[in-house]
Amino acid sequence: MRERPEHPVDGPLVVDPAQWLAHIGRMRAELDALRGGFGLRPGSAGGSASAPLGAGSGEDTAAVEEAYRRALLCDLLACSLGQAAEYLARLSQDTEDPEHRQADDPGPATSTPARSTVRPPDVRPAAPFAPGDVENTALSWRHLRRLFVEPDPNGVLPEQRRTVPPRAPGSSPVASAEWHLDRDDVRWSEEMYALFGRDRALGPLPLAELAGHAAAEDRAFVADLVRELLEHANGAEGEFRIVRADGTRVSVQFVGEPVLGADGRPHAVWALLRDITELRRTQEALTETRVQLLAQRRLVRSEHRVAAELQRVVMPWWTRPISLPGIEVATRYFPAEQDSKVGGDWYDALALPGGDVLLAVGDMSGHGVAAASGMTTLRGALQGVAMTGAGPAAMLTALNRIVVHTLPADKVATAVCARFEPVERVLTWAQGGHPPPLLYRGGSGRALATPFGVLLGALDEPEFVEARVELASGDVLLIFTDGLVERRGRGTEEAVRALLGLGPQLLGADARTCVDVVLSRLGHTRYEDDACVMAVCVR
């Protein structure tokens, strides 16, 4: 156990500066002896370690480097002991004079205010071995930095390394610079030359010329940084752009710190610069992408309003069931789960001049204004063709030509077209890629046999086949789009079977009740795609 100055165990602690100074002297001697045991030449007047004794011989360079690092650590501890000795030397002066004590006592440790959050080591002139023996034992930044640099596995000393080690992918190079103002000495790291794109033969830039190599719009800011370091002796940090000789720009993050001497004035300036060009480019790209996304969102909202308004004007938004010759019709339309998805589902029920009734349900592919516009075109064309007395197959043929020749090439559609003869209660219908209607009679349901028909827009001149079904009073016909039976996590066939099982509940019900029963049975009111259902009750 090392000896320490004696002081009473009980009562207040009595500090004897002379006794502590003697103890510090003994510890300093022990450090010198330990340092000499590492095989190094005695330190210079500055107290820093000299070169290893075996650096130029055949000794193991790794062991020499380790010994050199330990000697540097001893120098660092010696500096700390010197500072403690200087403080105790001040205490040993006449402490009876309050004014003298107030002038000499350094008080609580303070640091120079700085805007930087990264500060270099605070190196100050170290204290002498004993009062009155003035000796500068400050360690240079270069030596202190070596204490925390891992030795090269090949035994090469840091000062002997000529190449910059490779950076990890995505990392930014950090460059360092030292401007020693007293001796007009400037030291740059290899990264600093690469950052400025400067030929090493030209040497480093003086601190006063730093602003001249910044972008024109940043020169005043860089001048303020330098002024803060030199005139106000404050740390400074900021971001600016460097213009290289070839005209390229590099965005850098600057952190600088002045090194104050005993007179309180800056004697040196340390600085670290990090290349953040890629970071700023990424941020600019993200900002531009965000602006584009916001513009696209506004466009989508505008298109949604237009499509919804178009759909609202064109579609017959029946709030109650309507009576047509021989039948009662109720419909329900549901937009997609996402409000921006205004689709192309449409329906129509219309009394024709000859006494028949037109029944139709269709679906235009896509969403938005294009789908709503295509739906409007098909529905208007169907009414015109139906007024001529054409049958369901002829109606689908006309709709197919419109899709092929007037709508965009990527648009297709499905539809069910039917003519109902109220006197004979005969339904003649055809389909183009659409789910078949469901017929409920006597409490049971079945899907109608599907006549041949292809997707509208798939072929130039396809063939559509008609089918005839005789209906009876009390029958319920259910026509719907595929959005009604398509649901995430459940197949279409399962949903159709659930609809066919509703026969007992639809027996004797009116059209509006039939629609309500269908929707309650499916168990959801929000749909992934537009959904349309039409219930036709035969009287």
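The values are calculated or read from the model by the stated rules, or taken from the named source; none is laboratory data. Note that the structure is a prediction, hence the values are computed from the model and not measured. Here the Cβ positions follow ideal geometry from the backbone for every residue, glycine too, while neighbour counts run over all protein chains shown. Calculation scope for accessible area: heavy atoms of the full protein, side chains included, ligands and nucleic acids excluded. Shrake-Rupley method; radii C 1.70, N 1.55, O 1.52, S 1.80 Å.
Listing for the model above:
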| read-out | value |
| --- | --- |
| Projected label distance in nm at residue 223 and residue 461, using a 7 Å step from Cα toward the beta-carbon | 8.3 |
| Per residue accessible area in Å² of segment 432-539, where ligands, DNA and RNA are left out and the probe is 1.4 Å | 46 |
| Derived scalar couplings ³J(HN,Hα) [segment 436-446; Karplus, 6.51 cos²θ - 1.76 cosθ + 1.60; whole Hz; x for Gly, Pro] | x, x, 10, 10, 10, 9, x, x, 10, x, 8 |
| With every protein chain in place, segment 382-536: carbon and sulfur % of accessible area (1.4 Å) | 50 |
| For residue 205, residues with placed amide H under 5 Å, excluding near neighbours | none |
| Distance (nanometres) between label positions extended 7 Å along Cα→Cβ at residue 215 and residue 263 | 3.9 |
| Sequence ranges 278-287, 466-475, 435-444, ranked by mean other-Cβ count within 10 angstrom, highest first | 435-444, 466-475, 278-287 |
| Residue 322-residue 410 pseudo-label distance in nm [points 7 Å out on the Cα-to-Cβ vector] | 3.4 |
| Length added when fully stretched, residue 287-residue 232, from 0.36 nm per residue minus Cα-Cα | 16.1 nm |
| Gained length - residue 516 relative to residue 174, 0.36 nm times residue gap less alpha-carbon distance | 116.1 nm |
| Sequence ranges 353-364, 421-432, ranked by mean other-Cβ count within 10 angstrom, highest first | 353-364, 421-432 |
| Phi-based couplings in Hz for segment 407-422 (Karplus 6.51, -1.76, 1.60; Gly and Pro marked x) | 9, x, 5, 8, 8, 9, 8, 10, 6, 10, 10, 8, 10, 10, 9, x |
| Heavy atoms of residue 193: accessible area, 1.4 Å probe, square angstrom to 10 | 20 |
| Pairwise FRET efficiency - residue 22 versus residue 245, Cβ, R0 = 45 Å, nearest 0.05 | 0.15 |
| Accessible area of residue 538 in the full protein assembly, 1.4 Å probe (Å², nearest 10) | 10 |
| Peptide ranges 393-401, 198-206 listed from the most packed, as the mean C-beta count within 10 angstrom indicates | 393-401, 198-206 |
